[in-house]
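Quick notes on the structure that follows.
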Amino acid sequence: MTVGNMERAELFDAGSKGRGLRAAKELNTGEVIFSEPSFAAVVFDSLATQVCHSCFRHKANLHRCAQCKFAHYCDRTCQTACWNEHKQECGAIKKLGSAPSENIRLAARVLWRMHKDTGIASDSQLISVDQLQEHVADLAAEDFKQLRADVHKFLQYWSYGTRQHSVDYISHIFGIIKCNGFTLSDQRGLQAVGVGLFPNLCLVNHDCWPNCTVILNHGNQSAVSSALHSQRRIELRALGKIPEGEELTVSYVDFLNLSADRQKKLKERFHFDCTCEHCSKHIEDDLMTAGADSKPSADKVKEVTVFSKESLEKIEKSRVEGDYNEVLKLCYECLQKQENVLADTNLYKLQVLSIASEVLSYQRSFAKAADYAHRMVEGYRKLYHPNNAQLGMAIMRAGVTHWHAGQIEEGHSLICQAYRILMVTHGSNHAITKDLEGMRTQTELELKMFKQNKAAYQTMRDAALKH
């Protein structure tokens, strides 16, 4: 599919939601509706030396820009591909003496690009960047104070000959970024590494139970011929069949929150009241707060819920401090209290199961980790959309944990299930899906070995884990 092709989507008036995009034709499950390169994007300050500023891949031994000594790249190819984006930034950083924060760098990149392309970078871009929604007037006092401080620092950084902008216009750009900035993840989907602006994606409205998902494709600059290189871009993908004329939606927040909490987050960050069906009817709120099948009293559920909330705060504190033995101790205490009181779909229980599984895997206690991962995934299945990317990633992690625990049948089954989901959400060419395909092939071979000779398989596995 050609990057920027908008034949499958069209702009329309979405009523109280303002502008929106809808399907211009019937769409199939997993179909790429459109892909869009960033108008502007930057790596987070905290990862500036660990992530390539061109393709946003997490990588060791990056090559540093010799001029500004701030930007880092995989190699000369990535640096050359990014030069148009970095050129003016490079001069501004040298002039200032240091790089400003990511918000200021992104605002500057947006304005430099707007001067070059007048806000519309290609024929397929449906809206000029400066016409995107912003809610500066609705900002809380503390947020408005921060915005003003950013504008002040921006004016020190900004350098474009004699062309200057008013404080109000710069505030408008910062407001657009705050409202529309899309978080970019690394090539394995494991860490948020930057933020970018994608004008057409900004037109896709929110729904807590959406019919689309959006992923970052990091592009390819490794081919010998630059003609075969592809850009860093987002892809909007259909989660199921979408009929012609249906509005295209994505979720701006994780579904695994109570409807009131999702609505609060959306109001605070995006300044709108979510009235989607799942919020209006509080769908699955009962499962997310459910008591166990043994039907404990409401007072007991409330007591354990309060205990769980307090425990999770202590767990997070210990995680930050790197005290993983204390994390596990607190998890075990909490899970014991939750037993026969909270259901496995209860959000507090799912959080503890997730943390316990992750820490146990880190400590290579794979059998225990697999047990918790299994329970967590079963809870997720009852809550998430069947093609939700986060569900797919959770099933993948659970599959790997079972595999490492020597539970090859369950591990292979989970890895195959994850592969089916991520083929829809990420597609066959994404790095995560390719990793999964390799794991699927390997576990299939090991499963055959296991069925032929369990003792030989066990010996092979034990030897592999020692390394």
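The values are calculated or read from the model by the stated rules, or taken from the named source; none is laboratory data. Note that the structure is a prediction, hence the values are computed from the model and not measured. Neighbour counts run over all protein chains shown; Cβ positions are idealised from the backbone, glycine included. Note: accessible area is taken over every heavy atom of the protein model, side chains too, but ligands, DNA and RNA are not part of it. Shrake-Rupley method; radii C 1.70, N 1.55, O 1.52, S 1.80 Å.
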Quick check on the range 353-454: take the gyration tensor over C-alpha atoms, sort the square-rooted eigenvalues as a ≥ b ≥ c, and tell me if it's rounded (a/c under 1.5), prolate or oblate. oblate
Residues whose modelled amide H sits under 5 Å from the amide H of D75, counting only those 5 or more places away in sequence or on another chain, are H63
Could you check the spin-label model distance between H115 and A192? Points 7 Å from the Cα along Cα→Cβ, value in nm. 3.0
Ordering K87, K349 from largest to smallest accessible area (1.4 angstrom probe), what's the sequence? K87, K349
Lys, Arg +1 and Asp, Glu -1 on Cβ, resulting dipole of the range 272-329 about Cα centre, debye, nearest 20: 200
Not counting ligands, DNA or RNA, and with a 1.4 Å probe, what is E316's accessible surface area in Å² rounded to the nearest 10? 90
Got a sec to turn the phi values of the range 448-461 into Karplus ³J(HN,Hα) couplings, 6.51 cos²θ - 1.76 cosθ + 1.60 with θ = phi - 60°, whole Hz, x for Gly and Pro? 5, 4, 4, 6, 7, 7, 4, 5, 5, 4, 4, 5, 4, 5
Mind checking the angle between helix 298-321 and the chain's longest principal axis? C-alpha axes, 0 to 90 degrees, to the nearest 10. 60
For the A455, Y362 Cβ pair and Förster radius 25 Å, calculated FRET efficiency rounded to 0.05 is 0.30
If you take the square roots of the eigenvalues of the alpha-carbon gyration tensor of the range 263-345 and sort them as a ≥ b ≥ c, do you get rounded (a/c under 1.5), prolate (a/b over b/c) or oblate? oblate
Based on DSSP H runs of at least 4 residues, each adding -39500 (n - 2.57), what is the mean residue ellipticity at 222 nm of the chain after dividing by all its residues, to the nearest 500 deg cm²/dmol? -16000 deg cm²/dmol
Amide H to amide H, which residues 5 or more places from G20 or on other chains are under 5 Å from it, using H placed in the peptide plane? F12, A14
The range 396-467-the range 258-332 distance, computed between alpha-carbon centres (Å): 32
Stretch gain in nm, segment V320-E268, where the contour uses 0.36 nm per residue and the Cα spacing is subtracted: 16.1 nm
Could you give the angle, 0 to 90 degrees to the nearest 10, between helix 167-180's Cα long axis and the longest principal axis of the Cα atoms of the chain? 30
Roughly how many nanometres apart are two label points built 7 Å out from the Cα toward the Cβ at D123 and L445? 4.8
Can you order the peptides 418-428, 280-290 by their average number of other Cβ atoms within 10 Å per residue, highest first? 418-428, 280-290
Calculated FRET efficiency, F12 and H152, Cβ-Cβ r, R0 25 Å, to nearest 0.05? 0.05
Applying the Karplus parametrisation 6.51 cos²θ - 1.76 cosθ + 1.60 with θ = phi - 60° to the phi angles of the range 86-92, what ³J(HN,Hα) value in whole Hz is obtained for each residue in order, glycine and proline being reported as x? 8, 3, 6, 4, 4, x, 5
Toy charge model, Lys and Arg Cβ at +1, Asp and Glu Cβ at -1: the chain dipole around Cα centroid in debye, rounded to 20, equals 1340
At a probe radius of 1.4 Å, what is the per-residue accessible area of T459, in Å² to the nearest 10? 90
Give, as a single signed number, the net charge of other residues whose beta carbon lies under 15 Å from the beta carbon of R64, with Lys and Arg counted +1 and Asp and Glu -1. +2
Given H placed on each backbone N at 1.01 Å, which residues far from N5 in sequence or on other chains put an amide H within less than 5 Å of it? S35
Could you tell me whether the chain comes out rounded, prolate or oblate from its Cα gyration tensor? Rule is a ≥ b ≥ c as square roots of the eigenvalues, rounded for a/c under 1.5, then prolate if a/b exceeds b/c, otherwise oblate. prolate
Percent relative contact order for the chain, counting Cα pairs under 8 Å at least six residues apart, stands at 14
The extension gain from W83 to K281, computed as 0.36 nm times the residue separation minus the Cα-Cα distance, is 66.3 nm
From highest to lowest solvent-accessible area (probe 1.4 Å; ligands, DNA and RNA excluded), S98, S308, S124, S46 read S46, S98, S124, S308
Regression test value, accessible area per residue of the range 252-317, probe 1.4 Å, units Å², expected 62
Counting only protein heavy atoms, what percent of the accessible surface of the range 339-467 is carbon or sulfur at a 1.4 Å probe? 50
Assigning unit charges at the beta carbon (Lys, Arg +1; Asp, Glu -1) and nothing else, what dipole magnitude in debye, to the nearest 20, does the range 321-364 show about its Cα centre? 120
The simple spin-label model distance between T183 and E303, using points 7 Å out along Cα→Cβ, in nm, is 3.6
Residues other than A238 with Cβ under 13 Å of its Cβ, Lys/Arg counted +1 and Asp/Glu -1, net out at -1
Phi angles of the range 54-63, converted by Karplus (6.51 cos²θ - 1.76 cosθ + 1.60, θ = phi - 60°) into ³J(HN,Hα) in whole Hz with x for Gly and Pro, give 9, 9, 6, 8, 7, 7, 7, 6, 6, 8
Output ordering of 248-261, 170-183 (per-residue mean of other Cβ within 10 Å, highest first) is 170-183, 248-261
Percent of beta bridges antiparallel (DSSP, the chain, rounded to nearest 5): 90
